[in-house]
1. Taking 0.36 nm per residue of sequence separation and subtracting the Cα-Cα distance, how much length would be gained by fully extending the chain between Lys15 and Phe53, in nm to one decimal?
2. Using θ = phi - 60° and the Karplus relation 6.51 cos²θ - 1.76 cosθ + 1.60, list the HN-Hα couplings for region 58-74 in order, rounded to whole Hz, with x at every Gly or Pro.
3. So, in nm, how far is label Leu75 from label Thr26 when the simple model puts each one 7 Å beyond its Cα toward the Cβ?
4. Can you match mean projected area of the Cα convex hull in nm² to one of these, (i) 5.9; (ii) 4.5; (iii) 12.5, based on a calculation from the structure here?
Amino acid sequence: MKSITVHGIDKETEKLIKERAESAGTSVNKIVKELLAKALGIGKDKPDHRDEFLDLFGVWTEVDERQFLEAVKDLETVEPGDWR
């Protein structure tokens, strides 16, 4: 596997990476690889952003739903003239 050198890492980032490695009982190298994989959305732990939208789950009442569905009902119709 190819090695990569990252220059100019600020002291706070370095400190946090070292602290995370120490608390996980692993190497700085492994922590950096995990952080990169997570940031890129690859590897075994793909990002889960559901918690960021919890305030939107279950907030509609049945009335809200009916009103919304009625308001967008015309979007179900395809107008052939729109596809020229």
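Any read-out appearing in this document is the output of simple, stated calculations on the displayed coordinates, not a laboratory observation. This structure is a prediction, so every number in the text was calculated from the model and none was measured. Here the Cβ positions follow ideal geometry from the backbone for every residue, glycine too, while neighbour counts run over all protein chains shown.
1. Contour length minus Cα-Cα distance gives 10.6 nm.
2. x, 9, 8, 8, 4, 5, 4, 4, 4, 5, 5, 4, 5, 5, 9, 4, 5
3. 4.2
4. Identified label for the calculated read-out: (iii).
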